[in-house]
Amino acid sequence: VRSDPFSSRRCRVALLGFGTVGSAVARRLTAADTPFQLTQILDRGAAQKQRAAPFAGVSWTSQIEDILLSDADVVVEAIGGIDPATDWIRSALVAGKSVVTANKQVIARQGAPLLALAARQGRQLRFEAAVGGAMPIVRAIGEGLAGDRIVAIDAILNGTTNAVLSQIEATGCSLDAAVRSAQARGYAEADSAADLGGDDARAKLAILCALAFGLRVDASRIPAVSCAAIAAADFARARPRDATIRQLAHADYDRRSLTLTAWVAPVDVSAASLFGRTVGPQNAALITGEYSGEIGIFGAGAGGAATAVAIIGDIAAIARDRAAIVPAPALTSNFILKTSDVVFQTWPPVAVEVAC
Ligand SMILES: NC(=O)c1ccc[n+]([C@@H]2O[C@H](COP(=O)([O-])OP(=O)(O)OC[C@H]3O[C@@H](n4cnc5c(N)ncnc54)[C@H](OP(=O)(O)O)[C@@H]3O)[C@@H](O)[C@H]2O)c1
C-alpha cells in the first residue's frame, strides 16, 4: 500500500464501527508498515472494546461529534445499517472529511446525493467495499471499463449464500446445517434472511446498475427469489445435467428501448462455469461490454480481512490525490424495469440457464 509520496503528513483516518470489518481495518492501519495513521475509533461499546484491543496513539469515543471535530482526513464508516450511518456519512462530508464506506444499503439508497455532496465539498466518497468484498468490481466498472459500454452483468454477490449453497452441494446437508456451518466459520450473520432472500444482492446490483448503466434503481423493485427453500435434492436433480445451483444477480440494459432487466435468484449454472466453480464465501462477476466482450472477476467476497483490503485501497486512492474531485454520477430514472416475464416466486419453478 502506497500513500502520497509527495505528502509530508500521513493521511489521518478515523474509524466508525469496531466489528468484523472495522477491527480488521484497525489492525491493518496500526500495523508497523502502514503509511496511514489511525487516530480515532468510534463504537457504541468503545470503553469495553478499547480494553480488549488497545492501540497506541488511538483515541476511542462513542460520540460522533468527536470525529466531526477531529483533524482526521478520512472517515471510514463500518457500522452498517441505514441510520445513523447515512447521517454520519453526510455529516463527515460536511465537516470536510473524505469518506470510505462498506455500506451497500446506504450507497444503494443515497449514493448519488452523497456523491454530489462530496463533489460540492471538494472531498471524496469511495465505496469499493460495498460490493464484492475484496473483488474490485466498483473500480472495474467505474474506471477500468469506462471505455466500454456495458450491456450486462451476471454475478454472485452474496458470499454468505454462496457459502451455504456450495456447502449443501458438497455435503448434501440441510440448508439449516449449512447456515450454522457458515455462521461458525464467520461467513454468516445471526440473521441470514437478507442474504438468502436476496435483499443484500439486490442492493449491490442496484449500485452496479448505477455505475454500469447510469440508472437510479430502487433495489426493492428488483425481482428476487429466495434461496431459503433450497435442499440437497435440488442439487441432486441438477447434477445429472452437470449443473449446480447458485444465487445469481443479473442485469442487462437495452439502451434503445430504455429497458432494464434485473433479478436475483437461485439458478442452474453449469458446474464447470465460473459461477459453478465459485465456492465458499467467494464472489464472481461476468461483465459484458459492447466492445470488450466478457470480462470476468473473481475473489473473496466477504470477511473482515478481505473487506479491509477494499477499504484500505480506497483510503490509498484518497491519500494519493486528496484534491481529486470525483464527479457525481448523472443517474436517470427514465427507464422501464422489466418484471412481467421474470416472475420468480418460489424455488424451483424457474430455472434460468446461464451459458458461460
Ligand atoms: N462482514 C463482512 O464480511 C462485510 C463484507 C462487506 C461489507 N460489509 C459491510 O461492512 C459494514 C460493517 O459490517 P460488519 O460485518 O463489520 O458489522 P458488525 O460486525 O456488526 O460491526 C459493526 C460495529 O459497529 C458498531 N455499531 C453499530 N451501530 C452503531 C452505532 N449506531 N453507534 C456506534 N457503534 C455502532 C457495532 O456495535 P455492536 O457490536 O454493539 O453492535 C459493531 O461493533 C456493513 O455495512 C456491512 O454490510 C461487511
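The values are calculated or read from the model by the stated rules, or taken from the named source; none is laboratory data. Quick caveat, the model's predicted, so the values are computed rather than measured. Every residue, glycine as well, gets a Cβ built from its backbone with ideal geometry; the counts of neighbours run over all protein chains shown. In case anyone asks, the SASA skips ligands and DNA or RNA and just uses the protein heavy atoms, side chains included. Shrake-Rupley method; radii C 1.70, N 1.55, O 1.52, S 1.80 Å.
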*Rounded to whole Å and sorted largest first, list the principal axis extents of the Cα atoms in segment 1-100.*
37, 32, 20
_With θ taken as phi - 60° and the coefficients 6.51, -1.76 and 1.60, list the Karplus ³J(HN,Hα) couplings across segment 182-192 in order, rounded to whole Hz; mark glycine and proline as x._
5, 5, 5, 8, x, 8, 10, 7, 4, 10, 9
*Considering segment 114-185, what Rg and Dmax in Å follow from its alpha-carbon atoms?*
17.8, 54
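Determine by what factor the alpha-carbon radius of gyration of segment 44-89 differs from 2.2 N^0.38 Å, reporting the quotient.
Against the empirical 2.2 N^0.38 Å value, I get 1.23 for segment 44-89.
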*asked:* Report the Cα-based extents of segment 168-240 along its three principal axes, largest first, to the nearest Å.
replied: 41, 32, 17
*Taking amide H positions as placed 1.01 Å from N in the peptide plane, with prolines and chain starts having none, which residues 5 or more places from I41, or on another chain, fall under 5 Å of its amide H?*
L15, S59, W60, T61
_Crossing angle, helix 85-94 versus the chain [Cα axis fit, 0-90 degrees, rounded to tens]_ = 40
*Per residue and in cubic angstrom, what volume does the convex hull of the Cα atoms of segment 55-127 have?*
86
*Just the C-alpha atoms of segment 79-164: what Rg/Rh do they give, with Rh taken as the Kirkwood radius?*
1.01
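Using Cα pairs closer than 8 Å and at least 6 residues apart in sequence, work out the relative contact order for the chain, in percent. Don't skip to the end; give the middle numbers.
Numbers: 751 pairs, mean separation 76.6, N = 356.
Reported as a whole number, the value is 22 percent.
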*Any idea what % of Cα-Cα pairs in segment 5-49 are farther than 14 Å?*
50
_Nearest-10 value in Å² for the accessible area of W60, using the 1.4 Å probe_ = 40
*Could you tell me what percent of the accessible area of segment 256-321 is made up of carbon and sulfur, with a 1.4 Å probe and every protein chain present?*
59
*Quick one: give the max-minus-min coordinate of the C-alpha atoms of the chain along each principal axis, largest first, in Å.*
61, 47, 33
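How high is the relative contact order of segment 1-133, in percent, counting Cα pairs under 8 Å that sit 6 or more residues apart? Present the calculation step by step, with values, prior to reporting the outcome.
Numbers: 215 pairs, mean separation 28.3, N = 133.
Result for segment 1-133 is 21 percent.
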*Student exercise, the chain dipole from Lys, Arg, Asp, Glu Cβ charges, in Debye to nearest 20*: 640
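Among I79, I168, what's the order by accessible area (1.4 angstrom probe), most exposed first? Can you show the working numbers first?
On the way: I79 60, I168 0 Å².
In descending accessible area the options line up as I79, I168.
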*So how much accessible area does D314 have, in Å² to the nearest 10, using a 1.4 Å probe?*
0
*From the Cα gyration tensor of segment 204-309, with a ≥ b ≥ c the square roots of its eigenvalues, which class applies: rounded if a/c is under 1.5, or else prolate if a/b is larger than b/c, or else oblate?*
prolate
*Counting each DSSP H run of 4 or more residues in the chain as -39500 (n - 2.57), what helix-only mean residue ellipticity at 222 nm follows after dividing by all residues, to the nearest 500 deg cm²/dmol?*
-9500 deg cm²/dmol
*Roughly how compact is segment 98-241, stated as its Cα Rg over 2.2 N^0.38 Å to two decimals?*
1.19
*Note the angle between two axes, namely the Cα long axis of helix 159-171 and the longest principal axis of the Cα atoms of the chain, as a number of degrees from 0 to 90, rounded to the nearest 10.*
40
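Mean shadow of segment 84-126, computed from the convex hull of its alpha carbons, in nm²?
For segment 84-126, averaging the hull's shadow over all directions gives 2.4 nm².
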*Taking amide hydrogens as modeled 1.01 Å from N in the peptide plane, which residues meet the under 5 Å criterion relative to G197, leaving out close sequence neighbours?*
C227
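If Lys and Arg each add +1 and Asp and Glu each add -1, what is the summed charge of the other residues whose beta carbon sits under 11 Å from the beta carbon of A140?
Details: positive: R139; negative: E128, E143, D148.
The answer is -2.
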*Could you work out how far helix 304-320 tilts from the main Cα principal axis of the chain, as a 0 to 90 degree angle to the nearest 10?*
50
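Accessible area per residue of the chain at 1.4 Å probe, in Å²? Write out the running numbers ahead of the final one.
Working: 15230 Å² over 356 residues.
Each residue of the chain exposes 43 Å² on average to a 1.4 Å probe.
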